[in-house]
């Protein structure tokens, strides 16, 4: 049996779970999330715990058991604490600001980039730090990755957008030719 899948998900105070046929709804102080559950997995809630069991021991059921448990656990964590990712901007003239429902980025292109903020996501900007937060872990991670992809940190001058704890190794540039003007032999 899956070690992750057989562990029960604990339901904290203030969180309600509704496990219907093929769907799980979790509501808490920060919001409400719902997810369809694969037919090979059964979800039941009792005694402030959510238990996930598989209907058979096929390879597909075994592989989905731990996944579904992790997704339900992320839903419970999301409606109680929420999730966040932090991105840093580095480069001369690089900056970001929130304009209504858009994130305006000046990242060295000929025009400012307008990134529409998805529903359910909150973005805050402090100087060179962008904080992406929300209750859906998948949506927070996808939004942060999309923002990072607009201008990845390049390895020569380390300019661009990166995760706060990401390490980018700096590469050495091309070495200058030291034997005069040109690369061929002297005539």
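Of all the numbered requirements in (1) over 19 Å from residue 18 (Cα atoms); (2) in a loop (DSSP other than H, G, I, E, B); (3) in the same structural domain as residue 17 (by TED's automatic domain parsing), residue 38 misses one, and that requirement is (1).
Residue-by-condition table, conditions (1) in contact with a strand residue (DSSP E or B) (Cβ under 9 Å, 6 or more places away or on another chain); (2) surrounded by 12 or more Cβ atoms within 10 Å (Cβ to Cβ); (3) under 20 Å from residue 135 (Cβ atoms):
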| site | (1), (2), (3) |
| --- | --- |
| 6 | yes, yes, no |
| 16 | yes, yes, yes |
| 23 | yes, yes, yes |
| 27 | yes, yes, yes |
| 36 | yes, no, yes |
| 52 | yes, yes, no |
| 63 | no, yes, no |
| 68 | yes, yes, yes |
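Annotation note: of 105, 33, 87, the sole residue that is under 29 Å from residue 164 (Cα atoms), assigned to a strand (DSSP E or B) and not assigned by TED's automatic domain parsing to the domain that holds residue 131 is 33.
Looking across 124, 75, one residue alone is surrounded by fewer than 14 Cβ atoms within 10 Å (Cβ to Cβ), closer than 28 Å to residue 33 by Cα and either assigned by TED's automatic domain parsing to the domain that holds residue 49 or in contact with a strand residue (DSSP E or B) (Cβ under 6 Å, 6 or more places away or on another chain) (or both). It is 124. Among the residues of segment 108-120, write down those that are touching a helix residue (DSSP H, G or I) at 6+ places or on another chain (Cβ under 7 Å) and within 19 Å of residue 162 (Cβ to Cβ). Listed by number, the residues that qualify are 113, 115. The set of residues from segment 108-149 being within 30 Å of residue 67 (Cα to Cα) and part of a loop (DSSP other than H, G, I, E, B) comprises 117, 118, 119, 120, 135, 136.
The values are calculated or read from the model by the stated rules, or taken from the named source; none is laboratory data. What you see is a predicted model; the values in this text were computed from it and never measured. Neighbour counts are summed over all protein chains in view; Cβ atoms, including those assigned to glycine, are modelled from backbone coordinates with ideal geometry.
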